[in-house]
């Protein structure tokens, strides 16, 4: 018997959020890109393309039925709500959390959601966390950098403490990494292919070396896109931990041991990459994800790769692991 399919990496938008971004986004702009769609840019580099499927809930449910996805844990995507000042950032978070909560109420057996928070403003973020949880949020979504600040910045400590106390899953999703202009990531839209995975990798690697997983032991970190490049680089991180003293100043465990406490999704595009993620994070810590409806999202391919995993692993990744770490319906 096959386990239910639970998609932990999937997104939606609404027009109210887009209008706020257009008016208050500052360095984030919407401009046309090759192919005719408009993309969100940072410092001239496109990194996120809103498409019609991101606004159509009925179509989402039909596509879930078509692909065989039982539950979608939906979140806002980048640049999330980290722009526009405290009032606008808090408003943008509330607008999207209300949108996702409304969908959850309408399709209670099909839709769950991660809350977005105005992390730059501690008091507002804690209030929105409380409000979103009351509305049904089953976890939190955060970008891999918050306005250029790392997630380990001391200014976010009280927010992490609250999330840890609630034992919530947290999806770490990449955004345009700092330095996109200097790295010329506008060319070939390199942010999507390379920049995103680098952003997630840097965020989680910093958490490992910083002792983050020693301080916060109850929350469940889900690293997007198969953990970025961590599965490939974890051996190098271990080597640096052993031979570079600076890597050992805040934690007593080597990175590969920390990795067994991290979750990742299955949004990778080869069987070999998925197998590497399972090997590094463990078969209990890999969760199905599709990245629907982003332009490179792949619900069918991601599920097919999961279904080619060995017996005993397949059902865990399809949905059993997600059922274990989420508290749906509570």
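Residue by residue, here is whether (1) farther than 25 Å from residue 256 by Cβ; (2) surrounded by fewer than 18 Cβ atoms within 10 Å (Cβ to Cβ); (3) under 14 Å from the mean Cα position of the chain (by Cα) holds:
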position	(1), (2), (3)
184	yes, yes, no
189	yes, no, no
193	yes, yes, no
196	no, no, yes
200	no, no, yes
203	no, no, yes
207	no, no, no
210	no, yes, no
223	no, no, yes
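Any residue at all in the stretch 248-262 that's touching a strand residue (DSSP E or B) at 6+ places or on another chain (Cβ under 6 Å), at pLDDT 95 or above, crowded, with 18+ Cβ neighbours inside 10 Å and in a loop (DSSP other than H, G, I, E, B)? Walk me through it before giving the result.
Within the stretch 248-262, the first condition is being touching a strand residue (DSSP E or B) at 6+ places or on another chain (Cβ under 6 Å), and the residues that meet it are 262.
After this cut, where a residue has to be at pLDDT 95 or above as well, the list is 262.
Filter once more, so that each one left must be crowded, with 18+ Cβ neighbours inside 10 Å: 262.
Among the residues that remain, those that are also in a loop (DSSP other than H, G, I, E, B) are: 262.
Checked the stretch 248-262: at least one residue is touching a strand residue (DSSP E or B) at 6+ places or on another chain (Cβ under 6 Å), at pLDDT 95 or above, crowded, with 18+ Cβ neighbours inside 10 Å and in a loop (DSSP other than H, G, I, E, B).
What about residue 94, is it closer than 25 Å to residue 127 by Cα, without any contact (Cβ under 8 Å) to a residue 40 or more places away in the chain, in contact with a helix residue (DSSP H, G or I) (Cβ under 7 Å, 6 or more places away or on another chain) and not in a strand (DSSP E or B)?
For residue 94, the condition - closer than 25 Å to residue 127 by Cα, without any contact (Cβ under 8 Å) to a residue 40 or more places away in the chain, in contact with a helix residue (DSSP H, G or I) (Cβ under 7 Å, 6 or more places away or on another chain) and not in a strand (DSSP E or B) - is met.
If we keep just the residues of the stretch 140-166 that are assigned to a loop (DSSP other than H, G, I, E, B) and over 17 Å from the mean Cα position of the chain (by Cα), which is nearest to residue 227 (Cα to Cα)?
The residue in question is 153.
Strands (runs of 3 or more DSSP E) wholly in the stretch 1-91 with at least 2 residues that are closer than 16 Å to residue 111 by Cα and either in contact with a helix residue (DSSP H, G or I) (Cβ under 7 Å, 6 or more places away or on another chain) or touching a residue at least 12 places away in the same chain (Cβ under 8 Å) (or both) - which ones? Spell out the reasoning first.
Details: elements: 6-11, 28-32, 38-42, 45-48, 71-75.
In the stretch 1-91, the matching strands (runs of 3 or more DSSP E) lie at 6-11, 71-75.
Out of 137, 132, which single residue is in contact (Cβ under 8 Å) with a residue 24 or more places away in the chain, touching a strand residue (DSSP E or B) at 6+ places or on another chain (Cβ under 8 Å), within 26 Å of residue 294 (Cβ to Cβ) and part of a helix (DSSP H, G or I)?
From the options 137, 132, the qualifying one is 132.
Quick check, is residue 265 touching a helix residue (DSSP H, G or I) at 6+ places or on another chain (Cβ under 9 Å) and free of Cβ contacts under 8 Å to residues at least 12 places away in the same chain?
Here the answer is no, as residue 265 does not meet what is asked.
I'd like the full set of residues that are touching a strand residue (DSSP E or B) at 6+ places or on another chain (Cβ under 8 Å), surrounded by fewer than 24 Cβ atoms within 10 Å (Cβ to Cβ) and farther than 19 Å from residue 160 by Cα, limited to the stretch 95-123.
101, 103, 104, 109, 110
Return the residue satisfying two criteria in turn: it lies in the stretch 78-94 and is touching a strand residue (DSSP E or B) at 6+ places or on another chain (Cβ under 8 Å) and buried (at least 23 other Cβ atoms within 10 Å of the Cβ), and of such residues it is nearest to residue 12 (Cα to Cα).
80
The values are calculated or read from the model by the stated rules, or taken from the named source; none is laboratory data. Predicted, not measured: the structure shown is a model, and the values here were computed from it. Cβ: placed from backbone, ideal geometry, glycine included. Neighbour counts: every protein chain shown.
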